[in-house]
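The values are calculated or read from the model by the stated rules, or taken from the named source; none is laboratory data. Since the structure is predicted, the reported quantities are computational estimates derived from the model, not experimental observations. Because the Cβ atoms are built from the backbone with ideal geometry, glycine has one as well, and the counts that use them run over all protein chains shown. We work out accessible area using only protein heavy atoms, side chains counted, and drop any ligands, DNA or RNA first. Shrake-Rupley method; radii C 1.70, N 1.55, O 1.52, S 1.80 Å.
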Amino acid sequence: MLRLLWQLGPSTARQVHEAALATRPDMPYANVLRLLQVMHTKGLLARDESQRAHVYAPAQPQESLQTSLVKELINKAFSGSGKELVLAALRGHVSQKERDEIQAILNGDKNK
């Protein structure tokens, strides 16, 4: 839902549901609405209640939230080691093209 809202911008549950149907045609509207409500309760989404149809938006920009989630993951699952996270991600989850791009970044080639 966050990815959809980052793409769509502030949206109603109906708009999010319509966008979700593109990849999940079996997703009921009620499930989307419930997920948005739960995410709002957890502080992941802001909700504008000034209109009849509430408008939901991410509470944080994509990069900011992803950074905090990665930090949390590193601390919880990898004993605070970013290196262990990267090594786990590289084991079988990265294509050769992606490895080449990562290597170029490590080598300081910003054009890749």
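Computed values, structure above
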{"item": "Residue count for the stretch 54-67, restricted to those that are open to solvent by less than 50 Å² (accessible area, probe 1.4 Å) and either without any contact (Cβ under 8 Å) to a residue 60 or more places away in the chain or assigned to a loop (DSSP other than H, G, I, E, B) (or both)", "result": "4"}
{"item": "Tabulated pairs, the stretch 34-52, first closer than 20 Å to SER64 by Cα, second part of a helix (DSSP H, G or I) and at pLDDT below 95, C-beta under 7 angstrom, 6+ apart or interchain", "result": "LEU44/LEU2"}
{"item": "Single match in LYS83, LYS71, LYS76 (criterion: over 27 Å from MET1 (Cα atoms) and in a helix (DSSP H, G or I))", "result": "LYS83"}
{"item": "Every residue from the stretch 70-88 that is among the small types (Gly, Ala, Ser) and either in contact (Cβ under 8 Å) with a residue 40 or more places away in the chain or open to solvent by less than 50 Å² (accessible area, probe 1.4 Å) (or both)", "result": "GLY80, SER81, GLY82, ALA88"}
{"item": "Count of residues meeting criterion [assigned to a strand (DSSP E or B) and in contact with a His (Cβ under 9 Å, 6 or more places away or on another chain)] in the stretch 26-53", "result": "3"}
{"item": "Verdict on TYR29 being among the aromatic types (Phe, Trp, Tyr), under 18 Å from the mean Cα position of the chain (by Cα) and open to solvent by less than 90 Å² (accessible area, probe 1.4 Å)", "result": "no"}
